[in-house]
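Enquirer: Shown below is the structure under consideration.
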Amino acid sequence: MSKKKPQRSGRLRILVIHGPNLNLLGSREPEIYGSFSLAKINRLIKSESGFLKADVTFKQSNHEGELVDLIGTARNKYDGIVINPAAYTHTSIALRDAILACGIPAVEVHLSNIYGREEFRRESLTAPVCVGQVSGFGEMSYLLGLRGLVEKLKKS
Ligand code: DQA
């Protein structure tokens, strides 16, 4: 993995990507995904990033190709990626290849514990090419994933 120069301020730049249907959080199956909207989760991530001295940028898309483009162009703008690929976790070789190709570390996060749910959710095509995965802690999964990624980047 290529070593990137930190931006002049010394703050790490993290791209947070939310996959399909996560724009519906708050009203979407709250018994599984919780009652927080995506905007609220983003506010929590932003506040955590302040403690970690990182700058976060948020993107959400329901479209696989758009997610591939986002990851593919992340290299020159960001130091790392926190991604919840949502349903594409279980289906997308294109997202897996994009994460591999992008050359910056990514952490996969899930609100629910994908290993305790339906059989088809128990496999992640993307986690093996990420530096780590956090699954099952609701909105905390994002905060823990961000923390882990920032610590890893600081050590590299
Ligand atoms: C999810 C789990 C996926 O299986 C599902 O398709 C999602 C959300 C999660 O955050 O728990 O959309 O990624």
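The values are calculated or read from the model by the stated rules, or taken from the named source; none is laboratory data. Quick caveat: nothing in here was measured; it's all calculated off a predicted structure. All Cβ positions, even for glycine, are placed from backbone atoms using ideal geometry, and neighbour counts span all protein chains on display. Remember, those area values only see protein heavy atoms, side chains included, never the ligands or the DNA or RNA. Shrake-Rupley method; radii C 1.70, N 1.55, O 1.52, S 1.80 Å.
Enquirer: Please count, across the range 11-155, the pairs of lysine residues with Cα atoms under 24 Å apart that sit 8 or more places apart or on different chains.
Expert: 17
Enquirer: Can you tell me the accessible area per residue over the chain, all protein chains present, probe 1.4 angstrom, in square angstrom?
Expert: Working: 7940 Å² over 156 residues.
Spelled out: the 1.4 Å probe surface of the chain, per residue, equals 51 Å².
Enquirer: Also, quick follow-up: What is the magnitude of the charge dipole of the range 11-155 about its Cα centre, with +1 placed on the Cβ of each Lys and Arg, -1 on the Cβ of each Asp and Glu, and no other charges, expressed in debye to the nearest 20?
Expert: The dipole of the range 11-155 has a size of about 660 debye.
Enquirer: Find, to one decimal place in angstroms, the Kirkwood hydrodynamic radius of the chain, where the mean of 1/r is taken over every pair of different Cα atoms and then inverted. Mind dumping the intermediate values first?
Expert: Working: mean 1/r = 0.0648 Å⁻¹.
One over the average 1/r among Cα pairs gives 15.4 Å for the chain.
Enquirer: Follow-up. Please build a GNM for the chain, connecting alpha carbons under 10 Å apart, and tell me which residue among 48, 123, 31 fluctuates the most.
Expert: Most flexible of the set in this elastic network: 31.
Enquirer: With a Förster radius of 22 Å, plug the Cβ-Cβ distance of residue 37 and residue 57 into 1/(1 + (r/R0)^6) and report the FRET value to the nearest 0.05. Walk me through the numbers before you get to the answer.
Expert: Numbers: r = 18 Å, r/R0 = 0.84.
Calculated value: 0.75.
Enquirer: Another question, if that's okay. Given a 10 angstrom Cα cut-off, can you work out which residue in 39, 98, 106 is the most mobile in a GNM of the chain?
Expert: It is 39.
Enquirer: Now for a different question. Is the shape of the range 90-156 best called rounded, prolate or oblate, per the rule: a/c under 1.5 gives rounded, else a/b larger than b/c gives prolate, else oblate, with a ≥ b ≥ c the square roots of the Cα gyration tensor eigenvalues? Display every interim value, and only then the final one.
Expert: Details: a/c = 2.93, a/b = 1.18, b/c = 2.48.
Oblate, because a/c is 1.5 or more while a/b does not exceed b/c.
Enquirer: Once phi is turned into θ = phi - 60°, what whole-Hz ³J(HN,Hα) does the Karplus curve with 6.51, -1.76 and 1.60 give for every residue of the range 147-156, x standing for Gly and Pro?
Expert: Couplings: 4, x, 5, 4, 4, 4, 5, 5, 7, 7 Hz.
Enquirer: Please list, in order along the range 32-48, the HN-Hα scalar couplings obtained from phi with the Karplus expression 6.51 cos²θ - 1.76 cosθ + 1.60 (θ = phi - 60°), rounded to whole Hz, x for Gly and Pro.
Expert: The phi angles translate into 9, 9, x, 9, 7, 6, 5, 4, 5, 4, 4, 5, 5, 5, 4, 5, 4 Hz.
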